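Okay, structure first, notes after.
Bear in mind that the values in this text are calculations on the coordinates, not laboratory data. Note that the structure is predicted; figures quoted are calculated from it, not measured. With ideal geometry, Cβ positions are generated from the backbone for all residues, glycine too; neighbour counts draw on all protein chains shown.
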Amino acid sequence: MNIFHVSSEVFPYSKTGGLADMTAALAKAQAVAGHEVTLVTPLYRGIRDQFEGIKPSDTQLSFPLGQAKKTATVWTHNPAENLTILFLDQPELFDRENVYGEDDDAERFIFFSKAATRLAKRADIIHAHDWQSALTMPLLSLGQAQIGTVFTIHNAAYQGRFGRDKFELTGLPDSFFNWQQLEFYDDINLLKGGVVFADLATTVSPRYAEELLTPEYGCGLEGVFQAKGSALTGVLNGVDYSEWNTNNNPHLVAPFSADAPEGKAANKTALQSELGLDEQPGLPLLGNISRFAEQKGIDILLDALEQQLAGGVAFQYTGLGSGDARLEQAMSDLAKRHPGRIAIRVGYDTALAHRIEAGCDFFVMPSRFEPCGLNQLYSLRYGAIPIVRETGGLKDSIIDLSQGDDTATGIKFEQPNSDALGQALGQAFKLYSDPSRLAKVRDNGMRADFSWFRTTTEYDRLYNTIRQ
Ligand code: ADP
Ligand code: GLC
């Protein structure tokens, strides 16, 4: 099959979150499975300098964006057999410090989707991801009926909602601006347009697909998701174990695996030393890596850590993240008040992310919602037992202690508050105090297999239901 992905971020070229990992890994796995895969993404600042193999192509695009006319060129990279990355080069829009959060994000990603639609001509399937690529779906409905269209929602909280004056940038007929298509309370809503016009909408876990139908999780679009009926399904993401592996990993001080778990201890000691934590191998070490956003429940985590510290519990915690300035400050203050016990790194650091996964005993994810979540999957493989709120992909991927030590891979809690998390932490500390139980649960997780084979097979099946 000829598959054409459209994504605003792709690892290793650009990344702000799991979308980059997911699209890179899915495209790669589909190419390995024998499909001809192309992925289009913007050429952001710095990419060309970092990846020598990126070459200019003859393709030039020129089309109107509202009253302006914009031109772009295309650069290409072939990182693997059957896999081509197309980079859309439009310096005015994409040669920026930030991937998102610019005043003209509407212009930037409407342009991106229009260009992607033009580049997608020969595909059997066009698979677009999140609001930044969503406009491809209504645009394709205007012409190329032979192409099957799939739209994946990675996070319904980000919708690409802009004032109605931006509608003219899309080039769509005015008739598309109505409440059943792109209009949402008099604004334009790109995510809504993607869902409505796609032959098939998917999201990144079965549980989140159910949650999207409710007012609590649907972010105002629950009616749109409900209307999709059986054409909205959830497929759990996989892990690229060639990136996230513990055996042959330049970021780690010692290899380890389910068959030879001893090396994990050296990674814990090295992490304690790197972060200035007391080098006490006997203390349980908790970790978290995430965007500091409402979604991730960092405030809940902060309160729960305070409670445990006030209660005199002996443990250590390390967090890596950035985002909400208030949370960055509160976390940093906590570390200042508890040197040797709490270490916080504000920023974005992929190498440290690997070392935290490898060094920690437990990985905490108190997310208010989590469409899939990748860190709990990485944590399983890295022997950091996940402590997760029971929502979305966290619910689908972790087996709770209550299921028995033979199968359990983590600890789940239900309510999004610090008391519930505190109880889960209590369970974790109890587990830690029993080395043979701890080793068993850790081993179950390290042996769990979330490789992309299952996920690509499921997407193949879905693609085949809509191929013309
Ligand atoms: P989301 O996409 O909602 O942020 P995911 O769990 O799907 O959540 O994916 C997050 C990805 O981003 C993971 O690969 C994680 O390691 C990475 N990540 C998040 N914050 C940081 C950070 N501060 N430094 C390094 N990697 C980070
Ligand atoms: C989104 C979600 C996250 C998911 C990722 C990749 O960023 O917040 O849960 O893992 O997309 O699909």
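Details
- Remark: spin-label model distance S322-L142 equals 3.8 nm, labels positioned 7 Å along the Cα→Cβ axis.
- Three-way shape call for the chain based on the alpha-carbon gyration tensor, with the a/c threshold at 1.5: prolate
- Among 56-64, 336-344, the order from most to least packed when residues are scored by Cβ within 10 Å on average: 336-344, 56-64
- For the pair E210 and A33 in one chain, pulling the backbone fully straight at 0.36 nm per residue adds 60.8 nm over the alpha carbon distance.
- Three-way shape call for region 383-456 based on the alpha-carbon gyration tensor, with the a/c threshold at 1.5: oblate
- For region 263-449, the square roots a ≥ b ≥ c of the C-alpha gyration tensor eigenvalues yield an a/c under 1.5, which makes the shape rounded.
- Sorting 22-34, 73-85 by average packing, meaning the other beta carbons within 10 Å per residue, from highest down gives 22-34, 73-85.
- Note on region 263-449: lysine pairs with Cα distance below 24 Å, sequence gap of 8 or more or different chains, count 16.
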